[in-house]
Protein chains: 2
Amino acid sequence: MNYPNGHKRTIPASPSQNKGNHIFSNRGMTLEEDINVTNQYYLDLDKAVIHKKPTPVQIVNVHYPRRSAAVITEAYFKQASTTDYNGLYRGKYVDFEAKETKNKTSFPLANIHEHQIKHMESIVHHHGICFLIIRFTVHNETYYMPAEALFAHWYNKSKGGRKSIPYETVKDCSYLIPFHYHARVDYLSIIDRLYF
Amino acid sequence: MNYPNGHKRTIPASPSQNKGNHIFSNRGMTLEEDINVTNQYYLDLDKAVIHKKPTPVQIVNVHYPRRSAAVITEAYFKQASTTDYNGLYRGKYVDFEAKETKNKTSFPLANIHEHQIKHMESIVHHHGICFLIIRFTVHNETYYMPAEALFAHWYNKSKGGRKSIPYETVKDCSYLIPFHYHARVDYLSIIDRLYF
C-alpha cells in the first residue's frame, strides 16, 4: 500500500501519554464509548463535528399515555445501510465504521457487511475520508485502517481468499491510533498526517 | 443577503417539468418521503451520498424470543442533537434539516431547536454546506434557505423579534427548489449554483 505520506509510523506519543495508554485505556469502556467520548471532546474543542448515527430501528407500535411521553412498545433492529460515524473535519467529509474483536490473531471480515463496503466505496469515490477503526481488545490496541486497504482484503475474501485479516497484516496496513485521556481514540491525529 | 452567485433566480425548469410540478408533486407524499426518494435517486446515479439519519430512540427493554428476531418492547423518542440529513457531494460535506408547515403566511421558528442551530453554526464554521429545506404545503413550494440566512432570523427572534419568518421573507432569502419526477426535491441543483 502507498499512503499519502509515504510511510507508516504512528504518531509518536509523549512518554507520559505512552504510559497513559497502558494505565488508563483498559477501564472496561467499549470502543463505542471511547469514540463517543473522543467525538464529544473534539466537539467541545470545536475541532471537528463528528457524530455517531442513531441505531436504526423499525418502529411498529407506539403507545401515547395521557400526560406522559410516547412509549414505543414494539420495534425491531434494522441493519444499517451506512457506516456508524460521519461528520466534518477541516472542511472534509469524514466517514468511518468501528469494530472491536476479542480475537488475538485476526480480524474477522464477517464483522463488516457488503452494503457497508459499497457505502465506503462511494465515499472514497466522492473524495471523502473513509476508514475502519479496529480494536483488538486482547492486545489493547486500536488501529486506523484506510478504506482503500480494507477493500483489498474484502475482494480477496470474495474471490475465495481468507475470511479474516491476520493481526500482523492489520498492523502492516494500518496506523496505530494513539490514546489520550480525553481523545481516547485520537483518529484525527492520523487524518492530520494522511491528508493535511 | 449576498449569495456566491450574486442573484437569486431559481434554476429555470423546462416547461414540461414546470407542468409536472403541479401535476405530480402533490400526491400526498410528505417532504421526508420526497427527500428520501431524491436521495435514493442521487445514490443510484452515483451523484451524491446523502442519507437521512435514523430517528434517535432510547432503548429500555429488549425481548429475545427463541428462533426469532429481538423485539424492542420499551423505548422512547430522544431529541436529535444534529440535523436529520448529511452526506457527501462533489467532495463537500452537506448537512441539512427539512421542515414542512401548513401555515400559509409564515414559517414558525418553533420548528427548529436551539441545539440544531448550534450544530448548523459548527457546520458553517468548519466549511460544510448547510441549509434548511422548508416546504409550504399549502403553496406546494419547497425552499432552500442557506443556514447563514436562517441564523439571522433566529437571532432576531432570540432578541425579542418575530417567532416566525414571513412567507414573503422566505421567498426573498431562499431558493425555490425545482421538482422533477425522480429528484422530487432537487436541492443539489441549488448547491451546484451556489458552490460550484
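What follows is calculated from the coordinates using simple rules that are stated; it is not laboratory data. Model, not experiment: these values are computed from the prediction. Here the Cβ positions follow ideal geometry from the backbone for every residue, glycine too, while neighbour counts run over all protein chains shown.
Summing charges over neighbours of residue B:120, with a neighbour being any other residue whose Cβ is under 10 Å away from its Cβ, gives -3 when K and R count +1 and D and E count -1. The residues packed around residue B:107, meaning those with a beta-carbon under 15 Å from its beta-carbon, carry a net charge of +3 if Lys and Arg are +1 and Asp and Glu are -1. When the alpha carbon coordinates of segment B:82-146 are projected onto the principal axes, the ranges are 36, 26, 15 Å, largest first. Relative to the globular-protein estimate of 2.2 N^0.38 Å, the Cα radius of gyration of segment A:82-196 stands at 1.02.
Compare B:87, B:160, B:128 in a GNM of chain B, Cα atoms joined below 10 Å, and give the one with the largest fluctuation. The residue that fluctuates most here is B:160.
P(r) for segment B:78-119, from all Cα pairs and a bin width of 5 Å, is 5, 18, 24, 20, 17, 11, 5, 1 %, short bins first.
Put in line by how crowded their Cβ is, counting other Cβ atoms within 10 Å and starting with the fewest, A:33, B:168, A:148 read B:168, A:33, A:148. Normalising by residue count, chain B has a Cα convex hull of 162 Å³ per residue. Residue order for B:105, A:101, fewest other beta carbons within 10 angstrom first, comes to B:105, A:101. A cut-off of 5 Å between modelled amide H atoms, ignoring neighbours fewer than 5 places along the same chain, links residue A:165 with A:107, A:109. Each of B:131, A:77, A:179 has some number of other Cβ atoms within 10 Å of its Cβ, and from fewest to most they run A:77, A:179, B:131. Amide H to amide H, with H built 1.01 Å from N, residue A:177 comes under 5 Å of A:142, A:143, A:144, counting only residues 5 or more places away or on other chains.
Note on chain B: helix-only mean residue ellipticity at 222 nm, from DSSP H runs of 4+ residues weighted -39500 (n - 2.57) and normalised by residue number, equals -10000 deg cm²/dmol. If we count every other residue with Cβ under 9 angstrom of residue B:184's Cβ, Lys/Arg +1 and Asp/Glu -1, where does the sum land? Once positives and negatives cancel, what remains is -3.
Radius of gyration (Cα atoms) of segment B:39-78, expressed as a multiple of 2.2 N^0.38 Å: 1.82. Within the listed set B:81, B:68, B:174, the Gaussian network model of chain B (springs between alpha-carbon atoms below 10 Å) gives the highest mean-square fluctuation for B:68. Axis angle, to the nearest 10 degrees, between helix B:15-24 and the longest C-alpha principal axis of chain B: 40 degrees.
Structural descriptor for chain B: relative contact order 25 percent, calculated from alpha carbon pairs under 8 angstrom and at least 6 residues apart.
Each label point was placed 7 Å from the Cα along the Cα-to-Cβ direction; for residue B:77 and residue B:47 their separation is 3.1 nm.
Pairs of Cα atoms nearer than 8 Å and 6+ residues apart set the relative contact order; for segment B:87-196 it is 26 percent. Axis of helix A:147-158 versus longest Cα principal axis of chain A: the two differ by about 80°, to the nearest ten degrees.
Principal axis extents of the C-alpha atoms in the protein assembly as shown (largest first, rounded to whole Å): 63, 51, 48. Bridgeable lysines around residue B:99 (alpha carbons under 16 Å apart, same-chain partners fewer than 8 residues away excluded): B:52, B:53, B:163, B:171. When the Gaussian network model of chain A links Cα atoms closer than 10 Å, the mean-square fluctuations of A:66, A:90, A:184 top out at A:66.
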